[in-house]
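None of the figures in this text is laboratory data; all of them are computed from the coordinates on show. Keep in mind it's a predicted model, so treat the numbers as computed, not measured. Every residue, glycine as well, gets a Cβ built from its backbone with ideal geometry; the counts of neighbours run over all protein chains shown.
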Amino acid sequence: EAHALPAPDPRTAAAATAEAPAGAAAEAPAEAPAAAESAKVCVACRTGRIDGDGYCENCGHAQPRERDHMEQELEAVAAVSDRGLRHHRNEDAFAVSSVNLPDGSAATVAIVCDGVSSATRPDEASAAAAEAANESLLASLPAGTHPQQALHEAIIAASEAVNALAAEPTGAMEHDSRRHQNAPACTLVASITVGGLLVVGWVGDSRVYWVPDDRTTHPSRLTEDDSWAAQMVANGLMGEAQAYADERAHAITGWLGADAYELEPHTASFKPDRPGVVVVCSDGLWNYAESAEQMARIVPLDAATRALHSAQVLVGHALDGGGHDNVTVAVVPFPMPPQRAGSAHTKA
């Protein structure tokens with residue numbers, strides 16, 4: 001489960017329950033949620049009640065929501081997502097999981113999705129994509145599907161889940177035939193680690209970085225943005241510095257959504273020849289550490305043994321830099337392969 005870390009939320013019902021006889025508490029469990037809800041008071045002024053939209057009726061302060069800050073830690077991966085300092089809601093989402101393959105080895109999955117703010121319901125899009133991709137991998141990997149093929153299929157499943165949101169009429173959009181033109185949309189990036197294999201997949205401009213434990217060796221960015229700037233550089237129309245200085249640099253050219261031009265899932269597999277960590281993140285982080293070298297400098301040296309702490313540090317770096325966007329990062333320690341046969345990778 002993802003653990004929300006909102007600001008303190010005093011509940012007088014909690015104190016009342018603690019003082020009540022055990023028998024009384026057991027007799028009326030159905031009333032407890034209602035009592036707790038009615039006792040919600042503002043985290044800012046501590047007196048006003050909270051209205052149905054999450055605002056204080058006394059001072060107007062917006063109350064923390066579950067998705068404002070989320071953290072999750074498993075044995076082999078940890079992730080943190082934060083709303084940032086400028087956005088009114090968190091439109092990022094993540095999923096992390098671990099699953100056994102038919103040969104008994106464990107695969108670790110990390111998925112990060114970034115809702116497209118200019119689209120409708122971007123927060124729902126990212127959540128739907130992360131959940132669908134994770135569920136797809138939890139089904140296909142134990143069945144023996146190769147991780148790279150499984151990730152390709154998971155991206156398609158995520159796309160279908162986001163597309164389905166456009167078919168759900170909501171409010172004023174219910175009778176609008178143009179609702180598909182601004183349909184819910186998001187990016188997706190994911191990694192699968194199993195044994196000595198690292199597989200990444202993406203659509204959009206969320207990224208995966210490889211940071212070796214030995215910082216004297218070179219880190220790498222393992223994904224290529226679906227963005228205007230990347231397209232200009234790839235086509236030889238601009239140099240990298242010129243393209244990324246342009247105001248159109250971060251306009252994405254690939255995304256999940258009913259109004260996407262076409263779905264082009266990218267996948268690649270790598271076999272690192274040394275231990276390190278995999279950093280899976282939204283642009284809310286990499287905008288503050290864009291190059292692989294910059295990312296490596298801010299990843300804690302003990303990231304391989306303190307994944308959650310490292311994810312928290314990386315999110316903190318983005319917030320300290322201004323927190324202009326939602327920021328989400330998963331940190332996946334990567335073990336030393338049994339046989340060091342050199343680094344290799346394949347793309348699809």
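Overview of results
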| quantity | calculated |
| --- | --- |
| Hydrodynamic radius of region 66-347 per Kirkwood, over alpha carbon pairs, in Å | 18.8 Å |
| Ranked packing of 57-66, 311-320, 197-206, most packed first, by mean Cβ within 10 Å | 197-206, 311-320, 57-66 |
| Under 11 Å, Cβ to Cβ, from Val313 - net charge with Lys/Arg +1 and Asp/Glu -1 | -1 |
| Peptides ranked, highest mean first, by Cβ atoms within 10 Å: ranges 222-230, 256-264, 234-242 | 222-230, 256-264, 234-242 |
| Computed Rg/Rh of region 209-273, alpha carbon atoms with Kirkwood Rh | 1.06 |
| Estimated translational D of region 183-301 in µm²/s (Stokes, Kirkwood radius over Cα pairs; 10 °C; 1.306 mPa s) | 104 µm²/s |
| Sites matching trypsin sites (Lys or Arg not before Pro) across region 213-266 that sit in DSSP coil, with at most 14 neighbouring C-beta atoms within 10 Å | Arg215, Arg248 |
| Distance between region 65-131 and region 249-276 - C-alpha centres, whole angstrom | 16 Å |
| Total formal charge among the other residues, if their Cβ is under 10 angstrom from that of Thr253, Lys/Arg +1 and Asp/Glu -1 | -4 |
